[in-house]
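The values are calculated or read from the model by the stated rules, or taken from the named source; none is laboratory data. Keep in mind the model is a prediction, meaning the values are calculated, not measured. Counting neighbours? That spans all protein chains shown, and the Cβs are built from the backbone with ideal geometry, glycine included.
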Amino acid sequence: MSNGELRYFTYCELMTAVNDVDFKPEASPFELFEIEPLYTLDWNVIERRKALFQKTLHPDFYPVNSSEYEIASKKLALVNNAYAILKDPIRRAKALFSIADITIPGENGKTINDPKMMEEALSLKESLEVATIDNDFDNLFKTLAKQQKILEDSFNAAFLENNEHNMKETYIRLSFCIKTLADAKALRFENMEN
């Protein structure tokens, strides 16, 4: 499999394909999906590869209690985990930090001590409070979605430029933005129930 091409399997090939797919548990999600490690991804390629993996590795295609069944189950679990990492903007960024061997900001007991970023985080929290009081989450969602897109593009540019400082700074801002968006969705749901 290369360049996003799909291979179609006959029934006999399908039954033996589980042994042909060699996954390493320590492989990055980018390696597993055979894509270049980038923040901005070609989702058409990823979705096609995921579908192919599911077709060739789904345990239902193998006799229960067989070694192929066990192997397929483990490999499909690796695929599903890798896919979940790629879909999640923060986990995808963390995977790129790992590949670049860069310490993730705010982890391993390291605190973030940047007044500008703290001010930005407080501003996001205030926007959330205003949206809750006014029960106007739609505008907040639109604003946060735009901000998330801008931050994701900035993170991608910093990664491509191998700019560690900007990667870290953008990652922190992106984390705050996504956390605020998740909090807003939870509050909106809570308000809808009341």
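Structure above, values below:
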item: Number of the condition not met by Glu169 [criteria: (1) of a type in the set (Asp, Glu); (2) surrounded by 15 or more Cβ atoms within 10 Å (Cβ to Cβ); (3) modelled with pLDDT of 95 or more]; result: (3)
item: Any hit, region 98-114, residues being among the charged types (D, E, K, R) and either part of a helix (DSSP H, G or I) or touching a residue at least 24 places away in the same chain (Cβ under 8 Å) (or both); result: yes
item: Options Ala95, Ala51: the member that is of a type outside the set (D, E, K, R), at pLDDT 90 or above and surrounded by fewer than 14 Cβ atoms within 10 Å (Cβ to Cβ); result: Ala51
item: Region 50-68: number of residues that are more than 20 Å from Ala82 (Cβ to Cβ), among the β-branched types (Val, Ile, Thr) and part of a helix (DSSP H, G or I); result: 0
item: Single residue of Leu41, Leu86, Leu76 found to be in a loop (DSSP other than H, G, I, E, B) and crowded, with 17+ Cβ neighbours inside 10 Å; result: Leu41
item: Positions within region 157-194 being part of a helix (DSSP H, G or I), of a type in the set (Asp, Glu) and more than 21 Å from Lys125 (Cα to Cα), in sequence order; result: Glu164, Glu193
item: Members of region 128-166 found to be farther than 24 Å from Glu107 by Cβ, surrounded by fewer than 17 Cβ atoms within 10 Å (Cβ to Cβ), among the polar types (S, T, N, Q) and touching a residue at least 24 places away in the same chain (Cβ under 8 Å), listed by number; result: Asn135
